[in-house]
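**Q** To start, I am sharing the structure in question, which I have written as structure tokens.
Computed from the coordinates by the stated procedures, all read-outs in this text should not be read as laboratory data. Quantities reported herein were computed from a predicted structural model and do not represent experimental measurements. Cβ placement follows ideal geometry from the backbone for every residue including glycine, while neighbour counts extend to all protein chains displayed.
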Amino acid sequence: MTTRFRDDFRSVDSFSDEFLVHCPECRRCAKVLTAGNVRFVCTHCGKSEMWKGSPGILTSKHPSKRDSSGRRMAWIGAEYDWFFHYPLWLQTPCCGQTLWAYNAHHLAYLEGYIAAGLRERRPNEYGWRNASYASRLPQWLKAAKNRTDVLRACQKLHTLLATLENPPHW
Ligand SMILES: [Zn+2]
């Protein structure tokens, strides 16, 4: 994997350093880490996997998942991690759609954005990059009439996170 590739996907979204996902083996919460080489790690069952795919990134929701030489491509914009395409841990139904977040940082950002009703495109403490990220959020998520429902769904995602941090003792 080239450095340029890493730079490219960093610029797509600054919340992509860690994805919380469902482990395909044990169904518990695992991580896809993208600092350095992209890898999947499950601390519950020990499954781990290096990602060896195409240096391209697709933003289509319905991509063909291979490039012209048959290598798997990364793709973004749905409730899966970009690389292995495992379902995100943080997702919940909302307004007939699915609200999802890659990780705690991403959830906090989304929630702050929705709660503030921020609609302006200007540099803020997050900088321009995230302002344009916000401009790409789907309309249903930004609609004022959905704000209460979206914030309620954010709370559900917080509950999912809290369960990870303080697992119940059976
Ligand atoms: Zn596992």
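**Q** What distance in nm separates the two pseudo spin-label positions at T43 and R147, each 7 Å out from Cα along the beta-carbon direction?
**A** If labels sit at T43 and R147, their model points lie 3.7 nm apart.
**Q** If you stretched the chain out fully between S14 and R28, how much longer would it get, using 0.36 nm times the residue separation minus the C-alpha to C-alpha distance?
**A** The span from S14 to R28 would gain 2.5 nm if fully extended.
**Q** A further question on this structure: What does the extension gain come out to for R66 and T159, with contour length at 0.36 nm per residue minus their alpha carbon separation?
**A** Here the answer is 29.9 nm.
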